1. Restricting attention to segment B:181-221, which residues are part of a loop (DSSP other than H, G, I, E, B) and within 19 Å of the chain's Cα centre (by Cα)?
2. With under 18 Å from the mean Cα position of the chain (by Cα) and away from chain A (no Cβ under 14 Å) as the only criterion, which of B:261, B:242 stands out?
3. State which residue is farthest from the other protein chains (Cβ to nearest Cβ) when the search covers only segment A:150-169 and only residues that are under 17 Å from residue A:216 (Cβ atoms) and over 20 Å from the mean Cα position of the chain (by Cα).
4. What single numbered condition from (1) under 17 Å from the mean Cα position of the chain (by Cα); (2) within 14 Å of another protein chain (Cβ to nearest Cβ) fails to hold for residue A:108?
5. Do the conditions hold for residue A:214, that is, is it at pLDDT below 85 and touching a strand residue (DSSP E or B) at 6+ places or on another chain (Cβ under 8 Å)?
6. Looking at (1) free of Cβ contacts under 8 Å to residues at least 40 places away in the same chain; (2) on the phi < 0 side of the Ramachandran plot, which is the one condition that is false for residue A:90?
7. If you go through segment B:282-311, how many residues are facing chain A (nearest Cβ under 10 Å), surrounded by fewer than 20 Cβ atoms within 10 Å (Cβ to Cβ) and touching a residue at least 24 places away in the same chain (Cβ under 8 Å)?
């Protein structure tokens, strides 16, 4: 608890300093986030994360590390509202709604934010069957720019796929046949084309070989250069080194 | 209705027989059929919109009910009253459906999903509750209290229904094109040539070969019948589609086609949909939000991935954990 308190205090002093310097307020400010899962079948409660305090400035890249089961993904999922937060607040500085508490936002607001502002990249690609890689990214583009801007969507899609080093002869192939790294890059491409203000990365480098990891790292650096705010979960510390502006370590659902 | 049936019979000759000369004064009547509007881009849309369909306290019971079971706190045997035997198929369901939104409804058989859909489509008479439909009259009146004539107009112009059982939604002995034409006549179309071209276009979209367009659905496979139903439901561009187990019994390849088609319709026409399905995979792919029904009640609602990843209610957990 004291560690949490100190962390919150540190964040607040940092924020106060930035406010003094005339900088922006945090893009995302999590206070006292707690989430536990009740499993009715065995009548048990599993603690996901408890009393998390975290704040992210615009354009920052924040990494979370920790052993599996320590509640890292729970935080990300609470932000994306795949998990229903139990208590605490997740204040997000939205372009459309202004300051909004994601823990209390309506379902309709969340759907809007997911389409326009917050991107989520998981380790797994979940797409409609029998869509080729190009169409998947194109679909995301259309959701963002509208179907009246077909030409623009097509241009953006091609640029994005090239940007993510997907070979052109793979564009009209179903991603089912892709390698893990290709799937992941496609996944990131589909999330990135929406130009989210906040990108949540749930272990984007897990189960990737070193060459692919380096590619993902390059992409993240490029995104960072474009000013995207990112919150990522990573297992390997080497990968995070030099990339993250802030690092948090989690143990047993707590920030340490 | 009689006149519609007559026109339907004429049309039967028209679409199956040789080309039919369309009288001049007939063709201008087409104008009151709602034209296909390109969807406004999402960015330009307002974020907080009015719901397209608003349902409040909708109930449907089979039986008269007694003093015991009409009390909302009554404990029933699942959905059946232990004292008078009344079955409460849908109990006090309320929700809002927004433009361009797909809402999924899951739940075990007998939980009231189809009854709810049929109440919306007036196939069943709701016992109580109210439904407001914005595309019809701006959502001012409870459509359950309207005259049967107005109900029929809502059925023909606002809602498109695809039944689980194609025998409920199609006339099996008439050609597929006339099935589609029937729906278009009901919504005011009188031009045979327009109905024919629209019918062929729709059947093409659902991958029914043109050479079979004039065959009766009785001669089709189950998957093809389902696709003819979808084409029929789409024929007059309804703003709200009710899809009851559309992909049940279809093979995976046709299922993927149908899902693709559904998403394409949503994207191109901003149609709102209510999708009932047992297949959680289908719900995951299609629905933005999901309701879980049990014994006639909505026990849980939420964003689809939240329902699937973080189910709260014991029944929902049991359902989700049964997923292969």
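1. Keep residues of segment B:181-221 that are part of a loop (DSSP other than H, G, I, E, B), which gives B:187-191, B:206-209, B:213-216, B:220-221.
Selection gives B:187, B:206.
2. Details: B:261 fails: away from chain A (no Cβ under 14 Å).
Of the residues listed, the single one that is under 18 Å from the mean Cα position of the chain (by Cα) and away from chain A (no Cβ under 14 Å) is B:242.
3. Just the residues of segment A:150-169 that are under 17 Å from residue A:216 (Cβ atoms), to begin with: A:160-167.
Narrowing the set further to residues that are over 20 Å from the mean Cα position of the chain (by Cα) leaves A:162, A:165-167.
Values: A:162: 25, A:165: 28, A:166: 22, A:167: 25 Å.
Restricting to residues being under 17 Å from residue A:216 (Cβ atoms) and over 20 Å from the mean Cα position of the chain (by Cα), the top hit is A:165.
4. All conditions are met except number (1).
5. On the way: at pLDDT below 85: yes; touching a strand residue (DSSP E or B) at 6+ places or on another chain (Cβ under 8 Å): no.
In short, no.
6. Of (1) free of Cβ contacts under 8 Å to residues at least 40 places away in the same chain; (2) on the phi < 0 side of the Ramachandran plot, only one is false for residue A:90: (1).
7. Going through segment B:282-311 one residue at a time, the tally reaches 2.
Residue-wise test of (1) within 11 Å of chain B (Cβ to nearest Cβ); (2) touching a residue at least 60 places away in the same chain (Cβ under 8 Å); (3) touching a helix residue (DSSP H, G or I) at 6+ places or on another chain (Cβ under 6 Å).
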residue	(1), (2), (3)
A:98	no, no, no
A:114	yes, no, no
A:118	no, yes, no
A:126	yes, no, no
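The values are calculated or read from the model by the stated rules, or taken from the named source; none is laboratory data. Since this is a predicted model, take the numbers as computed values, not measurements. Note that each Cβ is placed from the backbone with ideal geometry, even for glycine, and that neighbours are counted across all protein chains shown.
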